[in-house]
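The structure appears below as structure tokens.
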Amino acid sequence: MNKRTLGNDGLEVSAIGLGCMTMSTQPEDRPEAVAVLRGAVERGVTFFDTAEVYGPFVNEELVGEALSPVRDHVVIATKFGFALNADGTRRPGGVDSRPNHIREVAEASLKRLGTDRIDLFYQHRVDPDVPIEDVAGTVKELITQGKVRHFGLSEASVRTIRRAHAVTPVTALQSEYSLWWREPETVILPLLEDLGIGFVPFSPLGKGFLAGSVTADTPLDSNDWRTMFPRFAPDALSGHLGLIQAVQRIAARFDATPGQIALAWLLAQGRHVVPIPGTRRLKRIEENLGAADIQLTAEDLAELDRVSAENQVQGDRYPEQMQRLIDR
Ligand SMILES: NC(=O)c1ccc[n+]([C@@H]2O[C@H](COP(=O)([O-])OP(=O)(O)OC[C@H]3O[C@@H](n4cnc5c(N)ncnc54)[C@H](OP(=O)(O)O)[C@@H]3O)[C@@H](O)[C@H]2O)c1
């Protein structure tokens, strides 16, 4: 797997990482999840994405356990910033980036990950009550202490990115970006290029839609996490069939899968772009990594640009309580 570099301070990662969010498992499923993560390493993945809030808490434990034998050869990214009670329930307000809280989360994450340093520590959501300078300053302290190597932001606005970067260099921004959601192209991507900040698209497969695993005809199970997103309402999905059809058309030209084309398109958006598709299955990890070998032509890219421009997620991306946490 070829490598890419995030940020000006040279964080080298596999061109495609692994999003671990949905891998939190019941204790009895843990051995299989560990095997999947180790299988990803054997296949060349060196960039793993977790967060305090995934699980909550247990996802970091899983990632830490699975990667402990190869700790020095992988990059572990985790995130702070949600307001959680000890039992994992959310506190009112939703976010908490007060400096003391960041320090506490860093210690707890280090413990759960079973490591002495967090390679990339993202603020998960911007806290409107804490100046971003204080957040960046606190992460800088953790970097000086050797507990954190690099600073990241998630879903932050241009203004926040600039202010944070002026205090502590931001290595990567992690925000939603895919053929289905291209808003970052307007102002975020040019800013990141300008400042030398890497970009880590989350939900690069449109939460499975772009890989063809969800259609309007196959309604989601009521306990599927995606049912909370307005875009997965059957009516909303059926309006975007043109996009998945175009992706499938281009996939056929390459003898590839739709998911591989969606990821190859992201990789073609710049050398500083490193998508983190999420899956619990090793076969799908192998498939997704195959995207790094696909070179889309200028015609393919133009066709995807045109069709995706007509098929963007409309309306709110999140349910109300999550939508209001978006930094503007
Ligand atoms: N910073 C943030 O706020 C934020 C928000 C959301 C996500 N994230 C991060 O981004 C990662 C990825 O995002 P995501 O999980 O929302 O969306 P995604 O990667 O776009 O899609 C994941 C979904 O696609 C399915 N899938 C994966 N590969 C596939 C393939 N080759 N063929 C068919 N289906 C496939 C998975 O199902 P199976 O698991 O069943 O294979 C899963 O349901 C997360 O794991 C997390 O680390 C960050």
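List of remarks:
- Pick from the stretch 268-283, criterion touching a residue at least 60 places away in the same chain (Cβ under 8 Å), within 9 Å of the ligand (Cβ to nearest atom) and open to solvent by 60 Å² or more (accessible area, probe 1.4 Å), ranking: farthest from Val63 (Cα to Cα): Arg281
- Inter-residue pairs, beta-carbon under 7 Å, first under 19 Å from Lys207 (Cβ atoms) and in the stretch 1-28, second within 15 Å of the ligand (Cβ to nearest atom) and of a type in the set (Asp, Glu), 6+ apart: Gly17/Asp49; Leu18/Asp49; Gly19/Asp49; Cys20/Asp49
- Annotation note: Cβ proximity below 8 Å between a residue of the stretch 35-49 that is within 15 Å of Pro275 (Cβ to Cβ) and a residue that is at pLDDT below 95 and surrounded by fewer than 23 Cβ atoms within 10 Å (Cβ to Cβ) (sequence gap 6+ or interchain) occurs for Gly44/Met1; Val45/Met1; Thr46/Met1.
- Just one of the listed residues (Asp305, Asp300, Asp293) is of a type in the set (Asp, Glu) and open to solvent by less than 30 Å² (accessible area, probe 1.4 Å), and it is Asp300.
- Top-ranked residue of the stretch 22-57 - restricted to ones that are in a helix (DSSP H, G or I), within 15 Å of Ile76 (Cβ to Cβ) and out of contact with any Lys or Arg (no Cβ under 9 Å at 6 or more places or on another chain), ranked as most open to solvent (accessible area, probe 1.4 Å): Arg38
- Any hit, the stretch 182-192, residues being away from the ligand (no atom under 12 Å from the Cβ), of a type in the set (S, T, N, Q) and under 30 Å from Leu120 (Cα atoms): yes
- Evaluation of Asp9 against (1) within 16 Å of the ligand (Cβ to nearest atom); (2) open to solvent by 40 Å² or more (accessible area, probe 1.4 Å); (3) modelled with pLDDT under 95; (4) not hydrophobic (A, V, I, L, M, F, W, C) (one fails), failing number: (1)
- Residues (closer than 25 Å to Glu107 by Cα, basic (Lys, Arg) and part of a loop (DSSP other than H, G, I, E, B)) located in the stretch 145-190: Lys147
- Index of the failed condition, Thr257 passing every other in (1) of a type outside the set (A, V, I, L, M, F, W, C); (2) within 17 Å of the chain's Cα centre (by Cα); (3) within 23 Å of Met21 (Cβ to Cβ): (2)
- Test: Gln248 is closer than 30 Å to Val13 by Cα and open to solvent by less than 70 Å² (accessible area, probe 1.4 Å): no
- Given (1) touching a residue at least 60 places away in the same chain (Cβ under 8 Å); (2) within 13 Å of the ligand (Cβ to nearest atom); (3) crowded, with 18+ Cβ neighbours inside 10 Å; (4) aliphatic (A, V, I, L, M), number of the condition Ile261 does not satisfy: (1)
- No other residue among Val95, Val75 is closer than 28 Å to Asn8 by Cα and β-branched (Val, Ile, Thr) apart from Val75.
The values are calculated or read from the model by the stated rules, or taken from the named source; none is laboratory data. Note that the structure is a prediction, hence the values are computed from the model and not measured. Note: ideal-geometry Cβ built from the backbone for every residue, glycine included; neighbour counts use all protein chains shown. Protein only, heavy atoms only, side chains kept; ligands, DNA and RNA dropped before computing areas. Shrake-Rupley method; radii C 1.70, N 1.55, O 1.52, S 1.80 Å.
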